Amino acid sequence: MSQFVVTMRWYVESDEQLEEELESLSLEDKNEKILDILRHRDNGTECCGSCPINSNESAVILDWKEFYGKKPIYMSIDKIKKSKK
């Protein structure tokens, strides 16, 4: 039987307010905050507990500007804010 590791990349966009908030957090809390943004659908609603993005046991959070060119954004903080209004 073969076993495979599948990795996925999601690009999350923040705003100035979130950037200021992240500055005061520990690395662990900062990563959790970013993962919380990721756990939303593109219409801003929260994902269910069985969605693949909730199973990110070995997630690594990177500042995409340092590692990748311009990629399509998966989730933006603006989408979450619009859905809560």
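For the reader, a short list of remarks on this structure follows.
- Accessible surface ranking that places the most exposed of 11, 74 first, with a 1.4 angstrom probe: 74, 11
- Counted residue by residue at 0.36 nm each, then reduced by the alpha carbon distance between them, the extension gain from residue 74 to residue 1 reaches 22.9 nm.
- Ranked from largest to smallest solvent-accessible area, with a 1.4 Å probe on the protein heavy atoms, 46, 13 come out as 46, 13.
The values are calculated or read from the model by the stated rules, or taken from the named source; none is laboratory data. Keep in mind that what you see is a predicted model, and the values were worked out from it rather than measured. All accessible areas refer to the heavy atoms of the entire protein, side chains included, with ligands and DNA or RNA removed. Shrake-Rupley method; radii C 1.70, N 1.55, O 1.52, S 1.80 Å.
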